[in-house]
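What follows is a short report on a single structure.
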Amino acid sequence: MADFDALSKFLVPHRKKVHIAVFILTILMIPGAMKALEPIDMESYDMESPELDAERKINDDFSTTEIILGFVVSVRDPTDVGSTPVPVPMLDDGTPDWTNFAQADEIIPEGEKWQGVTDIDGGILNLTVLREIESKHEIIRNHELGNYMKPFINDVTGLQTGGVMSLADIFRGFMANESILTQTSMTLTGPKPPVTDWSDCATTAFPDLECLTFDDPELTQVHIDLAANRMAMSNGSDFLRWLSLDRGFVSADENAGIVGGPIGGSLNVDGTWDNARPGPGRWSASASWLLVQLDRAALEEAGWTNTWKDAHSETNIEFSDDGTVIGGYRLSGIELLLHPPNYTSEYCQTLESPCSVEWSMMNLEGHLRSHDNNSLTLLVGQAVNVEVNRELQNSGGLIFAMGFVIIILLYASLRRWSDVAIVSMALGGALLWMQGMIGHAASLFGWLGLDIISRSQFSNLLPILVLALGIDDSLHALHRYKEERGLGKDSIDAGKVTVNRVGRAIMLTSLTTMAAFGANLFSDVAALRSFGVEAALGVLAAFLLTGIWVPLVRVSFDQWMEKRGKNTTPEISHRFMKKERLQKIAVLSGTGKRPVIIALICLLLTIPAAWGMMQLEGDFAVDDFLDEESDFAIGVDIVTNRFSDEGEPAMLLIEGDVADPDVFRSINDFRLNADKKTDGVADKLTRTPDGTVDILAVDEFVYAASASMLSDATPFWDRGFNESGCETTGLFSTPNFEDRDCIIFFYGVLSLDGIPGTEVPSSLVDLYIAPSEEIDPERVWLSTEGNEITYDMMIIRFGITSPENFPTMGPGLEEVKRDLSPLLNLSSGTWEEPGDVEEDKPLTWVMLTGKPIIRFVASDKMQSEMQSSLFLGSVFVLITLSIGFRSVKQAMVSLTPILLVVIWLYGLIYALGYSLNIVTVTIATISLGVGIDYCIHVTERYREEKENGRSHKQALHGVGGACALALVGSAISDVAGFSIIATSSMGLFNTFGLFSSMMIILSLIASMVLTTAALGFVQPKPNSTQEE
């Protein structure tokens, strides 16, 4: 760093060449910035993870993977019914009008569990509401996505639906007397009579009551109440799980003599009812589901993608009578509303990149919500990137407000508009350079075949980092320049001193900040490694433009003004903050017995803060990232509170010989293990209303097919059963599934026909197993080429409840792993990676996967890696400072206060009721990189004063001059700006703005009080004569 004097003597005289170089480089950064600003996929986890590897294998090897859209349909508050037009007219371009939709919070309150609702008769089971739900089936079928649906099998009726499923299908199938509930079924032990009927609805009180079909125009609420009760009492778990947790049988005297049931009762595993009072009534609930199943492969072939970052970007700006359309959003007043494009396959296939299915999902939701009146429809958990980008752009106004306030405060600190203009220009250039260097680095590394830049949600926080560092650097440079001019130096000499002394300090702060973020390069998570590189490039941009170029521009401007006869000597004004007060703070903190008192106060503050830090647990609440009043957050909240037992779909990938009898038997062993609850461990698997675990696997299809064979064996003989070698057993000669040939045969039949004699199609079976080759239709154990068919992969499906509750996810998944022991004992692989084929181990890998699991694993890993990087970054900072200061003692003086700031910040996070998540952990990490700069400037200025022969007290007095003014000005500007960001309704900005403000305040205290106190500790005590 001794060479900085030579550098300053070179740069200042050659500043015009520097300006030209900066201009040329700025132009060259524009293409890179365009590359860096490509969309960031919030659900893309570029990391090494067995869970993520398993999901990729499923998406690559299972051609029939599906996308299930879950629309939660809630009963609308009766006082709001009719307050919006039905349907809401489309805009001129055919896009749904989000301005006039029923508001997402216009729903009836959630009721008590098993107590039902009484706002309207039946709640979601009200006939008018059911008709409204039914009408939306046609809307879905007529939508573009309706061309790519896959059939469902209704779990209540056993009937196939064409890709859309709701309560309307359940009632239609049951009331047509075609469901499995009203039909004789065949089991492995013989025929089973129907559990209920819909052929005799007459009662003693109403002998003329007919069993009408769902489509009958004479249908009444009484028929719905009777049908719902028969389904609930005969097949309670399957039917009742379609209703929200506030489902219940409520008293209704008008149904006396027609519908009687367990008023206030809750269902047990054995089918009995607890706390029930028999009496007339009806079933009711506040919400239900409308499900749509899309064929992922068909969508991709037609021109869509489910990966946001690979999709076509909507960037067009259009002006119309309906408002300004920006990409997929429309400006209504000062708020951006959704304006999703209505993609078609023909259009998508003409684009260079495929269309994002997220836009089409939201377009479909818009069409459905246009017809909301008695109910309210919200898409849950999908299209998160659409919502995140809407809220980010909605917060753009706050960014401008933040910039305006910072400009005003910069003027208050610098007192010259020319200084403000210089700083603003440099900050804008630094942001452009950062993005440009990131984009060029991504292109360069990509050309070299290296995947170094992997942009993630962390990348959205980088401009804040550069802004904070840039303001700090530029204020230090300009305040030192003003100080030197005030001492009588001309612009040239003042510029040289500024670049030499402040430039040296800023270089050290930049290197230490790079070192702090450079610790992320050792992370196993690609997003964190990339964040380390991106942050380093941002710091470099801030150093070059705001730390070095700003004083050169100031010199050039003053020279230009002086040639025109203007006086450029700045007025010394401390109306913003009196220098004498800051000098007094610095001197008092670092002299006498006050350092000891300050140390004791720090200890008293650190102990409870450290305790709070240890109590923090990870979490993933939606309102920590998004606007809690957004439709997206309200939809998630409805599901979290009213369908908490359902859970988010997850999968178990099994690789190896999945037709092995031991494997087949172990599927149900896993189910039985999972059905047992462990005290003290959160149960994370979805359960039916009677408490039975809900795990879907191919063995259920196999047993259903073997029962179908007892009813009609012809379809099985047509597939070569007599030649298959499948053994039979028992009185009814049922297939023996301890025999591998039987399993192979039935897998083949299911893959070709589904379950013969039922409406279960083969496409549904394809979601669970896949043959190695095309099957010979006459000998299903062989391929069309005559090779033996093998089944090397299987999927088991289930739901994960409350996946956002991270403290329960870890122990819950460990419990699932223990439940998986029957399958894990058959596998040669470890949990981390597949094994090799072994004679006594039919399986090679068993792995949990799916969105809720990957989200937890990725977030948990990122948080732990960030915390590890915080420790490693501290070590790197200490090493860098020790080299820069040539003193470990001076390095510790600068580092220790900021480590205390990190602990205090974690304590505040705990005290304010926040949890550990990506945002809070990132802020704590950034506090090391940004906060250390404050302390370094104090230490470096103190060292400079000591080098000039000043005493300890005089050196502290010097710290309280231009250095302290710059620190306070920078802190006030940053805090004001971040406080404005904290007013954002978006949880990401709100949380980041709040804790960034706290971090800056604590960093200022750490530099002006703690660092000066630490300097008082390490300074040898002089005698009184020396001090004088």
Once the dipole of the chain is set up from charges on Cβ (+1 Lys and Arg, -1 Asp and Glu), the residue from the list M614, M809, L603 lying farthest towards its positive end is L603
In whole µm²/s, the translational diffusion coefficient that Stokes-Einstein assigns to the range 643-853, given a Kirkwood hydrodynamic radius over C-alpha pairs, 20 °C and 1.002 mPa s, equals 118
For the range 105-179, using Cα atoms only, the Rg and Dmax in Å read 14.6, 40
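Figure the gain on full extension for R131 and N177 (residue separation times 0.36 nm, minus the Cα-Cα span) and round it to one decimal in nm.
Value of the extension gain: 14.6 nm.
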If each K or R counts +1 and each D or E counts -1, the residues other than D155 whose Cβ falls under 9 Å of its Cβ total 0
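Kindly rank 98-110, 489-501 from highest to lowest mean number of other beta carbons found within 10 Å of each residue. Walk me through the numbers before you get to the answer.
Values: 98-110: 17.8, 489-501: 21.5.
With the highest mean Cβ count within 10 Å placed first, the list reads 489-501, 98-110.
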Full extension between D493 and K16 adds, at 0.36 nm per residue less the Cα distance, a length in nm of 170.1 nm
Measuring from the longest principal axis of the C-alpha atoms of the chain, the long axis of helix 962-981 (C-alpha) lies at a number of degrees, nearest 10, equal to 20
If one compares the long axis through the Cα atoms of helix 594-615 with the longest principal axis of the Cα atoms of the chain, the angle in degrees, nearest 10, works out at 10
Computed on Cα atoms, Rg of the chain relative to 2.2 N^0.38 Å comes out at 1.12
One point scatterer per Cα, no solvent, Debye formula: log10 I(q)/I(0) for the range 859-901 at q = 0.15, 0.20 Å⁻¹ comes out as -0.42, -0.62
Computed over the range 643-853, the relative contact order (Cα-Cα under 8 Å, seq sep at least six) in percent reads 36
Within the chain, cysteines having no neighbouring cysteine beta carbon under 4.7 Å are C602, C935, C963
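Mean separation of Cα pairs under 8 Å and 6+ residues apart, divided by the residue count of the range 273-353: what relative contact order is that in percent?
On the way: 55 pairs, mean separation 17.1, N = 81.
The normalised contact order for the range 273-353 reaches 21 percent.
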1/(1 + (r/R0)^6) with r = Cβ-Cβ of T728 and M34, R0 = 56 Å, i.e. FRET efficiency to nearest 0.05, evaluates to 0.25
Residues meeting the amide H criterion for S185 (H placed from the backbone, H to H distance under 5 Å, 5 or more places apart or on another chain) are K192
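Relative to the Cα centre, what is the charge dipole magnitude of the chain, using +1 at the beta carbon of each Lys and Arg, -1 at the beta carbon of each Asp and Glu, and rounding to the nearest 20 debye? Kindly include the intermediate steps, with their values, before the conclusion.
Details: 72 positive and 136 negative charges, 1843 e Å.
Computed charge dipole of the chain: roughly 8860 debye.
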Between E839 and S868, the two model label points (7 Å from Cα along the beta-carbon direction) sit apart by a distance in nm of 4.0
Rounded to the nearest 10, the angle in degrees between the Cα long axis of helix 526-542 and the longest principal axis of the Cα atoms of the chain comes to 30
Looking only at lysines whose Cα falls under 29 Å of K192's and that sit 8 or more positions away or on another chain, we get K676
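With +1 assigned to the C-beta of every Lys and Arg and -1 to the C-beta of every Asp and Glu, and no other charges, what is the dipole magnitude of the range 459-542 about the Cα centre in debye, to the nearest 20? It would help to have the intermediate numbers written out before the result.
Numbers: 8 positive and 8 negative charges, 48 e Å.
Dipole of the range 459-542, to the nearest 20 debye: 240 debye.
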Calculated from DSSP helices alone, with each H run of at least 4 adding -39500 (n - 2.57) and the total divided by the residues of the chain, [θ]222 nm to the nearest 500 comes to -16000 deg cm²/dmol
One finds, for V596 and F522 with R0 = 30 angstrom and r their Cβ-Cβ distance, a FRET efficiency to the nearest 0.05 of 0.20
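Let's test the formula: R0 of 41 Å, r as the Cβ-Cβ distance of T606 and D105. What FRET efficiency results, to the nearest 0.05?
Details: r = 43 Å, r/R0 = 1.05.
After rounding to 0.05, the efficiency reads 0.45.
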In whole percents, the bins of 10 Å from zero upward hold the Cα-Cα pairs of the range 293-393 as 14, 44, 34, 8, 0
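Note down the magnitude of the dipole of the range 283-354 about its Cα centre, charges +1 on Lys and Arg C-beta and -1 on Asp and Glu C-beta and zero elsewhere, to the nearest 20 debye. Please list the in-between numbers first.
Working: 3 positive and 11 negative charges, 57 e Å.
Result for the range 283-354 is approximately 280 debye, rounded to the nearest 20.
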Neighbour-count ranking for T315, T220, T513, T569 (other C-beta within 10 angstrom, fewest to most) reads T315, T220, T569, T513
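Quick check: residue separation of T344 and I317 times 0.36 nm, minus the Cα distance between them. What number comes out in nm?
Values: separation 27, 0.36 × 27 = 9.72 nm, distance 2.02 nm.
The span from T344 to I317 would gain 7.7 nm if fully extended.
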Pseudo-spin-label distance E700 to L448, built 7 Å along Cα→Cβ, given in nm, is 5.2
The distance between the Cα centres of the range 153-212 and the range 490-524, in whole Å, is 76
Checked against a 24 Å limit on the C-alpha separation, the offending pairs among K489/K889; K57/K309; K150/K309; K136/K309 are K489/K889; K150/K309; K136/K309
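So what is the relative contact order for the chain, in percent, with contacts set as C-alpha pairs under 8 Å and at least six apart? Numbers along the way, then the final one.
Details: 1905 pairs, mean separation 166.6, N = 1028.
Dividing the mean separation by the residue count of the chain yields 16 percent.
Computed from the coordinates by the stated procedures, all read-outs in this text should not be read as laboratory data. Quantities reported herein were computed from a predicted structural model and do not represent experimental measurements. Every residue, glycine among them, receives a Cβ derived from its backbone with ideal geometry; neighbour counts consider all protein chains shown.
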